[in-house]
Amino acid sequence: MTQSTGKRPRVGLFATCLMNMFRPNVGFAAAKLLEDAGCIVEVPDTQTCCGQPGYNSGDFDSARALARQVIAAFEQYDYVVGPSGSCMATIRHDYPVMFEDDPDWLPRAKALAAKSFELLSFLHDELGATPAGTRHLATATYHDSCSGLRGLGIKGQPRELLAGVAGLKLKEMQDAEVCCGFGGTFCVKYPEISEKMVEDKIHNIIESGADTVLGGDLGCLMNIAGRLRRIQSPVRVFHTAEVLAGMANGPGIGGHSQESR
Amino acid sequence: MMQTTQNSRDAIFGAIRSALKRSGPLPDARRAELDANVPQHTRPAQDENLLERFIRTFESRAGTVQHIASRAEIPAAVEAYRANMNLPHRAAVGAALKDLIWPADWQVHHNRAGTEELLSVSLCIAAIAETGSLMLGASADSPTTHNFVPDDHVVVLEAASIVGYFEEAWAILRQRSEGMPRATNIISGPSRTADVEQTIQLGAHGPRRVHVLIVAA
Amino acid sequence: MEIRSKEFKSRAVFAIHDASLQQAMGKARDGFVGKRAQQAAELPEFEALREEAKNLKNHILENLDHYLERYEDAVKRAGGHVHWARDAQEARAIILDICKRVNAKTITKGKSMVSEEIDLNEALIEHGMEVVETDLGEYIIQLANEPPSHIIAPAVHKTKNQVSDLFEAAHGGPRKTEVADLVNEARQVLREKYFRADVGITGGNFLIAETGSSMIVTNEGNGDLTQTLAKVHIVTSGIERVVPTLDDATLFLRLLARSATGQETETYTTISTGPRRATDLDGPEEYHVVLVDNGRSKMLAGHFRDMLRCIRCGACMNHCPVYGSVGGHAYGWVYPGPMGSVLTPLIKGLDNAYDLPNACTLNGRCASVCPVKIPLPDLLRELRHLQHQQELSPVMQRRALKAWRFVATRPKLYHAGEWIAVRVLKLLGRKGSIRRLPFAQAWTDVRDLPTPEGQTFLQRWQAQRGK
């Protein structure tokens, strides 16, 4: 580990589009967790989007244009870390595939992929971090986001990290590993199917008896939170980083300041 | 018609080879090498005695078993089964079991089974402990209809012919001088369906019950 | 059947509001998923077998011409006939020819997805033949005059009540309401058909090159009665179903039942080698295999070769949350769910099935259970790529992508845009979320949109830290 050599690793924080616009608190929580674990955190302002919307829409050219921008913005760092399994899986898995036939960019894409990590798995697997001293009184259920779970093998890490949060009880829901119906542009291209899927997810959340939903991807969390708000459910939604960093004292995603604790 | 099929055959092989970036068939040496290959695939580990495993797996698939000491006891065991199931005094018996002394008041025949047939008795080639399966081969001694038409199918299994894995059963088939049977039936319990609301129902089209008489080694 | 995949959206919405369908699908989903998971957990070698099966399939495809020739030779040696069909039309013609030659009046059929793919039943019925599906699920949907909605459980969308109605109408009363009585009624009706059949048509799960045999795997025994009792047995199969040896088929058998129905094995595994022998007392007098290409050799050439590994277990659809929500009929053709969303556009044309590759969240659950590890989400994305290249995607989507690229590759512009959007959205929010948003109705029709905090992360970060 870089830490053991005495040198603090320089981490480029990948500010995902949804985090940047809708939930900056997650970005600050991520920065705090990384810094507490001994990293130097920087946020290059030449970053925009990882390119996934283009890639998953079949517009590979545009996706590559965005990927080149990300590579150029981040290849200077020891690590690239983002609070999203989805964006980070794109960088880790898809970038090397996108540049398979491009001898100039392929090595750069591969090099970046190798040092890019989703936040929670990075804290747990790479840094061996155990955030301590935080407290969050809640009974939470965990939604495993698909890209993180199946793309990056994230399942135990967030749960183990959360085990260190005082006052927090984890209660698994049925089908925690089943997609919530977000799916990027899927949710607006096929709203009825997406609604059915998020409805199934909400049903399982409510059945679990939890008062809080946690997860590692804002897309899913905004979908779930938006649906919970729509049916006026009191269940609150946070990104796991917010709870781990002790920064989940404000309203949950889509919630408001008057909501009861 | 034959012409079309021949043209189609050539076209399909042409398309396959062009997809594989080859202009013709593989070299003969490579073909011989492929044909000589004996695959060694992973076999799920077994830690039980073959007989015990066969009985456990076969029973888990709703089959029933009974032990008998010798071949001579087959007719009595089948008669007891018949009486227990309240079936008529009649059975289609594979000619492989022709030499046995069947009850005098029975109508026994060795021909194929028709819809009126309620009970059949067959001798199997082998049993596969891996999945609790019986292997029967079509022949004059063991018509395929006996395996599928009657409601009750009694199968005679020599304990010594239980093998652990499918691969061992295939080896038995390869050793036969007459080659592969026309039909090789691997049977793992009674016929079943789950096509109505995933509810498992036995006796869909084939036998409702499969009863195995295990003849001691 | 006529392809209706263009109607995917409307059929999906209809399905979501069909209470009977939702009841049936809910039951099926829980059953299939739980049983498969249990089988996978109980077999320590399961993951190793998946990897081996993937590699073996790749090897077979790499040498497909050789194994097909070896298989063809062996079938001929066993006294059978092999026919080659480039497409659906040729396949129908070959089978029709055989049926006409033997003056077939009644034709029984075991489950065969290839026969669905080539529209076989319609062609035979058009020529005055009686065609009887004998798999219970296939029989049910034949009575309902519907296509299958699942590749191994074709009537999975039907409730028991609906089956009762269908049977009462077809067989006359009294109406049966217990599963046992329904199954028994079908058993009696179909028995008579097996014995009357002139031709029996089945599929082929595996074609064994070593012995020239076809192998079918069933639970009901209908396939065996079909192929044993008819005068002529015709096997329909895709060219990719050949395997070198019986031992190789075994590798797939160990995965097939576990992945498909969550059993260690299906009840019947039958290996058929040629027609009835001189001394046999039963079995068909003629044995034919119709090998169908229908787009498969094309798949072998390109990005989609992985799809030819498919052993038709149905695990992908059992685990697909979209399939679970809309059922199989929404997909509009023979193959539904993830595997169907790849196969349908490839066989029937990208433009005839635009929605299929797109109506997927790329959640990857299908690939995680596929016994031969087909990267289904990657293949679906590749199809989207082809649709994009061929400008089959909606004009608005292509324009939006162009605009997005223009802005997103200019960070200053992008961040300014985000800054404005965030301010506007904040003004629209009430109590933390937005209930109605013009231009984003597809989102807000279903759910609220969380109100942004007012400043973007980058703005705040730069304000606090500089860089």
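At a glance:
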| item | result |
| --- | --- |
| Breaking point among (1) more than 30 Å from residue C:297 (Cα to Cα); (2) open to solvent by less than 10 Å² (accessible area, probe 1.4 Å), for residue C:130 | (2) |
| Inter-residue pairs, beta-carbon under 8 Å, first within 13 Å of residue C:398 (Cα to Cα) and in region A:47-66, second β-branched (Val, Ile, Thr) and open to solvent by less than 10 Å² (accessible area, probe 1.4 Å), 6+ apart | A:55/A:90 |
| Count of residues meeting criterion [under 16 Å from the mean Cα position of the chain (by Cα) and either surrounded by 24 or more Cβ atoms within 10 Å (Cβ to Cβ) or not in a helix (DSSP H, G or I) (or both)] in region C:341-356 | 7 |
| Unique match (being within 13 Å of chain C (Cβ to nearest Cβ), open to solvent by 20 Å² or more (accessible area, probe 1.4 Å) and under 18 Å from the mean Cα position of the chain (by Cα)) among A:156, A:151, A:181, A:219 | A:151 |
| Residue in region C:33-41 that is modelled with pLDDT of 95 or more, farther than 30 Å from residue A:177 by Cβ and open to solvent by 20 Å² or more (accessible area, probe 1.4 Å) present | no |
| Residue that is farthest from the other protein chains (Cβ to nearest Cβ), among those in region B:185-208 that are part of a loop (DSSP other than H, G, I, E, B) and aliphatic (A, V, I, L, M) | B:200 |
| Subset of region C:71-105 (residues that are among the hydrophobic types (A, V, I, L, M, F, W, C), more than 9 Å from every other protein chain (Cβ to nearest Cβ) and open to solvent by 30 Å² or more (accessible area, probe 1.4 Å)) | C:102 |
| Residues satisfying the stated conditions in region C:134-176, i.e. free of Cβ contacts under 8 Å to residues at least 24 places away in the same chain, within 11 Å of chain B (Cβ to nearest Cβ) and farther than 29 Å from residue C:204 by Cβ | C:160, C:164, C:176 |
| The lone exception for residue C:149 - which of (1) in contact with a Cys (Cβ under 7 Å, 6 or more places away or on another chain); (2) crowded, with 24+ Cβ neighbours inside 10 Å it fails | (1) |
| Pick from region B:138-155, criterion in a strand (DSSP E or B) and surrounded by fewer than 24 Cβ atoms within 10 Å (Cβ to Cβ), ranking: nearest to the other protein chains (Cβ to nearest Cβ) | B:139 |
| Any hit, region C:284-294, residues being surrounded by fewer than 24 Cβ atoms within 10 Å (Cβ to Cβ) and either out of contact with any strand residue (DSSP E or B) (no Cβ under 8 Å at 6 or more places or on another chain) or among the hydroxyl-bearing types (Ser, Thr, Tyr) (or both) | no |
| Residue selected from region C:408-439 under the condition among the hydrophobic types (A, V, I, L, M, F, W, C) and touching a helix residue (DSSP H, G or I) at 6+ places or on another chain (Cβ under 7 Å), by the criterion farthest from the other protein chains (Cβ to nearest Cβ) | C:437 |
| Close pairs from region C:445-467: first within 7 Å of chain A (Cβ to nearest Cβ) and touching a residue at least 24 places away in the same chain (Cβ under 8 Å), partner open to solvent by 50 Å² or more (accessible area, probe 1.4 Å) and assigned to a loop (DSSP other than H, G, I, E, B), Cβ under 8 Å, at least 6 apart | C:458/A:45 |
| Only listed residue being in contact with a Phe, Trp or Tyr (Cβ under 6 Å, 6 or more places away or on another chain) and open to solvent by 10 Å² or more (accessible area, probe 1.4 Å), chosen from C:321, C:275 | C:275 |
| Test: residue in region B:157-165 that is over 15 Å from the mean Cα position of the chain (by Cα) and open to solvent by 10 Å² or more (accessible area, probe 1.4 Å) | yes |
| Residue among C:406, C:439 that alone is of a type in the set (Phe, Trp, Tyr), part of a helix (DSSP H, G or I) and open to solvent by 50 Å² or more (accessible area, probe 1.4 Å) | C:406 |
| Set B:182, B:112, B:174: member being of a type in the set (D, E, K, R), surrounded by 24 or more Cβ atoms within 10 Å (Cβ to Cβ) and at the interface with chain C (Cβ under 9 Å from one of its Cβ atoms) | B:182 |
| Region B:187-202, subset at pLDDT 95 or above and of a type in the set (Gly, Ala, Ser), residue surrounded by the most Cβ atoms within 10 Å (Cβ to Cβ) | B:191 |
| Selection from region A:222-254 of residues that are surrounded by fewer than 23 Cβ atoms within 10 Å (Cβ to Cβ), within 8 Å of chain C (Cβ to nearest Cβ) and under 18 Å from residue A:28 (Cβ atoms) | A:251 |
| Subset of region C:43-58 that is more than 7 Å from chain B (Cβ to nearest Cβ) and in contact with a helix residue (DSSP H, G or I) (Cβ under 9 Å, 6 or more places away or on another chain) - its residue that is nearest to residue C:305 (Cα to Cα) | C:58 |
| Among (1) open to solvent by less than 20 Å² (accessible area, probe 1.4 Å); (2) more than 19 Å from the chain's Cα centre (by Cα); (3) free of Cβ contacts under 8 Å to residues at least 40 places away in the same chain - the single one residue C:302 does not satisfy | (1) |
| Subset of region A:36-46 that is on the phi < 0 side of the Ramachandran plot and in contact (Cβ under 8 Å) with a residue 40 or more places away in the chain - its residue that is farthest from the other protein chains (Cβ to nearest Cβ) | A:37 |
| Residue list for region C:208-223, restricted to those being touching a residue at least 60 places away in the same chain (Cβ under 8 Å), in contact with a helix residue (DSSP H, G or I) (Cβ under 9 Å, 6 or more places away or on another chain) and within 25 Å of residue C:102 (Cα to Cα) | C:212, C:213, C:214, C:216, C:222 |
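Rundown of residues vs (1) open to solvent by 40 Å² or more (accessible area, probe 1.4 Å); (2) closer than 27 Å to residue C:461 by Cα; (3) in contact with a strand residue (DSSP E or B) (Cβ under 9 Å, 6 or more places away or on another chain); (4) outside the structural domain of residue A:239 (by TED's automatic domain parsing), yes/no style:
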residue	(1), (2), (3), (4)
A:33	no, yes, no, yes
A:45	yes, yes, no, yes
A:64	yes, no, no, yes
A:110	yes, no, no, yes
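Quick grid of which residues meet (1) open to solvent by 40 Å² or more (accessible area, probe 1.4 Å); (2) out of contact with any strand residue (DSSP E or B) (no Cβ under 8 Å at 6 or more places or on another chain); (3) touching a residue at least 12 places away in the same chain (Cβ under 8 Å); (4) more than 8 Å from chain C (Cβ to nearest Cβ):
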residue	(1), (2), (3), (4)
B:12	no, no, no, no
B:39	no, yes, no, no
B:58	no, no, yes, yes
B:68	no, no, yes, yes
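The values are calculated or read from the model by the stated rules, or taken from the named source; none is laboratory data. It should be emphasised that the depicted structure is a prediction, and the values quoted were computed from it without experimental measurement. Every residue, glycine among them, receives a Cβ derived from its backbone with ideal geometry; neighbour counts consider all protein chains shown. Quick note on the areas: whole protein, heavy atoms, side chains included, nothing else; ligands and nucleic acids left out. Shrake-Rupley method; radii C 1.70, N 1.55, O 1.52, S 1.80 Å.
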